[in-house]
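The values are calculated or read from the model by the stated rules, or taken from the named source; none is laboratory data. The model shown is predicted, which means the values in this text are computed figures rather than measured ones. Counting neighbours? That spans all protein chains shown, and the Cβs are built from the backbone with ideal geometry, glycine included.
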Amino acid sequence: MSLYSFDGQGLKKMILGSTNLLARYKSEIDALNVFPVPDGDTGNNMYLTLLAAAKEIQNLETTHIGEVAEAAAQACLMGARGNSGVILSQLVRGFARALAGKDRANALEVVEALEEGAKFTYQAVMNPVEGTMLTVMRRSAEAARTAVLRNYDLLRVMIITLREARLALSETPELLPVLKQAGVVDAGGRGYVVILEGILNVLKRAEDFSLLKDFTTRQESKTSKGLTRELDTEIHFTYCTEFLVKGSNIPLDTLRHELAPYGDCLMVVGSDRVAKVHIHSNHPGLVLENCLNYGSLHDLAIHNMKEQHQQLKKGPSPEKEVGIVTVGTGEGIIDIMNSLGADTVVMGGQTMNPSTEEIVRAIRGVPARGVLLLPNNKNIILAAEQAASLVKDKEIKVVPTRTIPQGLSALLAQNPTGSLEDNFQQMSGAARSIVTGEVTRAVRETVHNGLNIQQGDLIGIAEGNIVAVGQDLTRVVKELLDGMLAEDHSLVTLYYGADVGQRAEEILEQLKVHYPEIEFELHYGGQPLYQFILSAE
């Protein structure tokens, strides 16, 4: 069978096929994270980004390939999550740019679209690094160009393209020593290979595109509705409901399972004594009644999101010169951010990278002429910059905060009466002065910097480098501080996570004895997965 061109209907099927395949492999891709930390989410970010396109195009009536590609590109742009999602959205954007105005595309035009997409990805990254998904995208596009010069059969061209992508992926550890040390290939590159595999699978069945079952039916049972709600254009659940459950032996997994049918955007985190519940539901009363089975309810807040959405659509007139949007997770950290003057805190961070659309919505909701945007995570910076470029009626500056402590330090440095530029400079400088540490558990066995790490070990990370490993939380925190502190440091702040509880105070007292020259502050952060987040200054 040979295939020499296809229209928008074929492109729809290819995108849906690739999204289906990413759904199957996203966990495997996540596991390729170089660090053995529980926030490897490259596969999930790429899946959610492409899912935005799949949802947007599946019901388009047009068969015009340029129009389908443009719709997919716009959806990916708004749905992009994490650095890998932003890079993928730029690939789709370049692909759509090359196909603009076309009814159908032949092999040569597809190759040109792949080349344009690869070019866009390199332009999206300030300092492109070889050995990443950029390399896999570029080399596969180059192979496609060579292939099309010999044969115009799309199927053959894509087979060669995929073959080169796999080869480029296998060689990424030779280009990036950190990959070789961890014994993995680049996660984003692996995600792109899966996308190409999805395209090729559909091309092989091009004589009967209908063999691919309805996308929506297949996906509803496979993915959390909470992860995709933000891609919908209407609000399906009216009430945002948040509260604490206090009791004993609270079964978090059971509670999640019981609450799932009541709505979306479900989050149940904490410990067996205090659980934080967040859900969007049309029946908050049923949610509360269910949770009463496990303890008493506290700090209850219910907001009507449809009403808030209507207020947002009215577009309130700017009331001040400078507003602040920041990203954070953990009830304690969010409360601190709000108390330090953040106008809006976008829920997100490790394992929960917010989409470009969520960030854009937050920016537009701030009644200010200018907005300072604090991503507080290295994997959110590209999405923040992309969101800033999409808002044309406000001046946006992204303060390049890469960690929660950097973001909090930046918030402390703001001057409510200062200009946007002055605040940007002050907050950026304050963020650079902070040294960040984190304590979490390893999700897989590995060797890093000569440290033998077993799955489940506590690991201490100083400025992105693993410096402590062990099973005793107090010892790991001490060793982490040993790797963080410099002679001029005088203050250490600890934010303890949702499952640490009273141990935080005990550890603090031991640290005060061990480091008598250092002043310590302890705050409840409530962050999931990370026992401690630390800052030294």
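Here's the yes/no breakdown for (1) outside any helix (DSSP H, G or I); (2) closer than 23 Å to R24 by Cβ:
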{"residue": "Q123", "(1), (2)": "no, no"}
{"residue": "P128", "(1), (2)": "yes, no"}
{"residue": "S140", "(1), (2)": "no, yes"}
{"residue": "P173", "(1), (2)": "no, no"}
Quiz item: Is there any pair linking a residue in region 51-67 that is under 21 Å from E109 (Cα atoms) and assigned by TED's automatic domain parsing to the domain that holds A23 to one that is of a type in the set (D, E, K, R) and crowded, with 19+ Cβ neighbours inside 10 Å, with Cβ under 8 Å and at least six apart or on different chains, and which?
Solution: I57/K12
Quiz item: Any chance region 56-68 includes a residue that's under 19 Å from the mean Cα position of the chain (by Cα) and either part of a loop (DSSP other than H, G, I, E, B) or not basic (K, R) (or both)?
Solution: no
Practice problem: Return yes or no: is I324 buried (at least 23 other Cβ atoms within 10 Å of the Cβ), out of contact with any Lys or Arg (no Cβ under 7 Å at 6 or more places or on another chain) and part of a strand (DSSP E or B)? | Solution: yes
Exercise. Scan region 519-537 for residues that are in a strand (DSSP E or B) and either within 19 Å of E506 (Cα to Cα) or among the β-branched types (V, I, T) (or both) and report the count.
Key: 12
Quiz item: So T474 clears everything in (1) polar (S, T, N, Q); (2) within 22 Å of F35 (Cα to Cα); (3) surrounded by fewer than 13 Cβ atoms within 10 Å (Cβ to Cβ) except one condition, right? Which one?
Solution: (3)
Practice problem: Determine whether region 74-84 contains at least one residue that is in contact with a Leu (Cβ under 7 Å, 6 or more places away or on another chain), of a type in the set (G, A, S), crowded, with 23+ Cβ neighbours inside 10 Å and assigned to a helix (DSSP H, G or I). | Solution: yes
Quiz item: Residue check: is A168 among the small types (G, A, S) and either modelled with pLDDT under 95 or closer than 17 Å to K26 by Cα (or both)?
Solution: no
Self-check item: A52, sole failed condition from (1) closer than 24 Å to A384 by Cβ; (2) at pLDDT 95 or above
Solution: (2)
Practice problem: Kindly list the number of the only condition in (1) part of a helix (DSSP H, G or I); (2) touching a helix residue (DSSP H, G or I) at 6+ places or on another chain (Cβ under 7 Å) that fails for E509. | Solution: (2)
Practice problem: Being within 24 Å of the chain's Cα centre (by Cα) and either farther than 9 Å from M133 by Cβ or not assigned by TED's automatic domain parsing to the domain that holds N83 (or both) is the filter here, so list the residues in region 173-193 that pass it. | Solution: P173, L176, V178, L179, A182, G183, V184, V185, V193
Exercise. Go through region 390-445 residue by residue and tally those that are crowded, with 21+ Cβ neighbours inside 10 Å, more than 23 Å from the chain's Cα centre (by Cα) and of a type in the set (D, E).
Key: 0
Quiz item: How many of the residues in region 501-518 are modelled with pLDDT under 90 and either crowded, with 17+ Cβ neighbours inside 10 Å or in the same structural domain as I333 (by TED's automatic domain parsing) (or both)?
Solution: 0
Self-check item: Residues that are surrounded by 23 or more Cβ atoms within 10 Å (Cβ to Cβ) and either without any contact (Cβ under 8 Å) to a residue 40 or more places away in the chain or out of contact with any Gly (no Cβ under 7 Å at 6 or more places or on another chain) (or both), drawn from region 337-349
Solution: A342, V346, G348
